[in-house]
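Notes follow once the structure below has been shown.
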């Protein structure tokens, strides 16, 4: 890429190159398949059904009744949403309904004091993500948050430090 190329031109060229590679790969696969005999009785094998390794359920708290209500944690066989939180009563009630959860808290700071919760999904306002994730992990809970993880370098450093100090897991959930 020339130094005067724009980011847009680079991405456009990258996309065209990737599409060309896919088409070329597909053509090679079609040619290879043409050399093999076709059997009308052979049905494609169905993929193996996923089975959990254990019956243990991660006990999750969900914070943030806007975007946080769009995840389907409660449908996973190894996850149970045991508590929810939002500052707004209506959104908190909405979370309780979505996750079929009876326990709620008025704030993240209250939720993280619940010893039955092992991990917290943080879907609060973006400027609070860094501070909230640090609070979650300081209370001994794994954490997943919406993007961005933090809004400035200082909050990123704090998040990295508490993650390393506690040995807990942190995950940033990209939504697209």
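The values are calculated or read from the model by the stated rules, or taken from the named source; none is laboratory data. The structure presented is a predicted model; accordingly, all values stated were derived computationally and were not measured. All Cβ positions, even for glycine, are placed from backbone atoms using ideal geometry, and neighbour counts span all protein chains on display.
For residues that are touching a strand residue (DSSP E or B) at 6+ places or on another chain (Cβ under 9 Å) and assigned to a loop (DSSP other than H, G, I, E, B), scanning just the stretch 133-146, find the one that is nearest to residue 62 (Cα to Cα).
141
Consider the stretch 74-132. How many of its residues are in a loop (DSSP other than H, G, I, E, B) and within 20 Å of the chain's Cα centre (by Cα)?
Of the residues in the stretch 74-132, 11 are in a loop (DSSP other than H, G, I, E, B) and within 20 Å of the chain's Cα centre (by Cα).
Output the residue which, of all residues in the stretch 149-176 that are touching a strand residue (DSSP E or B) at 6+ places or on another chain (Cβ under 8 Å) and part of a loop (DSSP other than H, G, I, E, B), is farthest from residue 122 (Cα to Cα).
Across the stretch 149-176, the extreme among qualifying residues is 168.
One line per residue, one yes/no per condition, for (1) more than 30 Å from residue 112 (Cα to Cα); (2) modelled with pLDDT of 55 or more:
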position	(1), (2)
9	yes, yes
13	yes, yes
27	yes, no
31	yes, no
34	yes, no
45	yes, yes
56	no, yes
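Any idea how many residues of the stretch 125-148 are buried (at least 20 other Cβ atoms within 10 Å of the Cβ) and modelled with pLDDT under 95?
1
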